[in-house]
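Have a look at the structure below before the remarks.
FYI, it's all coordinate maths here, none of it is from the lab. For clarity, every value in this text was computed on a predicted model and none was experimentally measured. Cβ placement follows ideal geometry from the backbone for every residue including glycine, while neighbour counts extend to all protein chains displayed.
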Amino acid sequence: MEVKCVCMLLLLLCVEARGGEAPPAGLEEIRNELQQLNTTATEQAVEINTLKERLEAAEQQLKTQRDTPKVAFAASLGSNGIISTKNTFKKLIYKDVLTNVGHAYNPETGVFKAPVKGVYYIRFTATAPTSGLMSAVLYKNQTVQLTVHEPPVGPGSDTAANGAALLLEQGEELYMQLRPNSHLWDNASHHSTFSGFLLYAM
């Protein structure tokens, strides 16, 4: 297209250089076609710039995704049998780790520590005999976030669950506690669990 435009432009200049001589037939058509070619070239330049901007935005998005840590964890109390409390709270240590991508969950302390600021989905389940109180609490730092609570109803067992999307600052901690005079139960089938994953960083 560039060669054609140059040739037509040279032809047009040669014709105009002839001064007052009558223009040859087809000169107006050449001018119109040259104008159309210029318009097309301008439109294509705009389209190319738009595509470049979209490509740069996509590359930046991919870079952000690569730089964002992958975070997901799931753990259960495991084959601990019944865990109970008397008159005090007890931190629950989920030692049987199923998943710990990013290693933000510590199975020695039972604490999940947010590696980046973002929105995380957190969920926990609790199973216990229904002969006694079952009451467990999710804390963010020292603040209650979620609770499961089942009063005693007699022989048998029951499972409760809770979960939510939580905004966590980098370094904030989540952990579970068993309320006073309460109990939980688990075995190798993972009935009582603590899990979560990063939805998106902020």
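Exceedance of the 19 Å cut-off in Cα-Cα distance is limited, within the set 70/113; 70/117; 91/140; 63/140; 91/113; 70/91, to 63/140; 70/91.
Database remark: amide H of residue 158 closer than 5 angstrom to the amide H of 128, 130 (H placed geometrically; neighbours at sequence offset of 5 or more, or on other chains; Pro and chain starts carry no H). Secondary-structure-derived ellipticity at 222 nm for the chain, considering helices only, amounts to -10000 deg cm²/dmol, per-run term -39500 (n - 2.57) for DSSP H runs with n ≥ 4.
If exposed means no more than 10 neighbouring beta carbons inside 10 Å and the site is in a DSSP loop, what's the longest run of the chain without any exposed GluC sites (Glu not before Pro)? Longest run free of exposed loop sites: 109-202.
Amide hydrogen proximity for residue 182: with H placed 1.01 Å from N in the peptide plane, the residues at 5 or more positions away or on another chain lying under 5 Å are 85.
Applying the criteria of a DSSP loop state and at most 16 other Cβ atoms within 10 Å to the trypsin sites (Lys or Arg not before Pro) of the stretch 86-133 yields 86, 95, 117. Karplus-based coupling profile of the stretch 111-123, in residue order and whole Hz: 9, 9, 10, 5, x, 9, 5, x, 9, 10, 9, 10, 9, with θ = phi - 60° in 6.51 cos²θ - 1.76 cosθ + 1.60 and x standing for Gly or Pro. Rounded to the nearest 10 degrees, the inclination of helix 2-16 to the longest alpha-carbon principal axis of the chain is 30 degrees.
Take the alpha-carbon centre of the stretch 141-191, take the same for the stretch 81-127, and report the distance between them in whole Å. The stretch 141-191 and the stretch 81-127 have Cα centres separated by 9 Å. Return the tail of the calculated pair distribution for the chain, meaning the percent of Cα-Cα pairs more than 31 Å apart. Percentage above 31 Å: 49.
Note on the chain: with a GNM built from Cα contacts shorter than 10 Å, the maximum mean-square fluctuation among 129, 151, 107 falls on 151.
Compute the acute angle (0 to 90°) between the alpha-carbon long axis of helix 27-67 and the principal axis of greatest extent of the alpha-carbon atoms of the chain; round to the nearest 10°. So the inclination is approximately 20 degrees.
Considering only 77, 166, 51, the Gaussian network model of the chain with Cα springs below 10 Å gives its largest mean-square fluctuation to 51.
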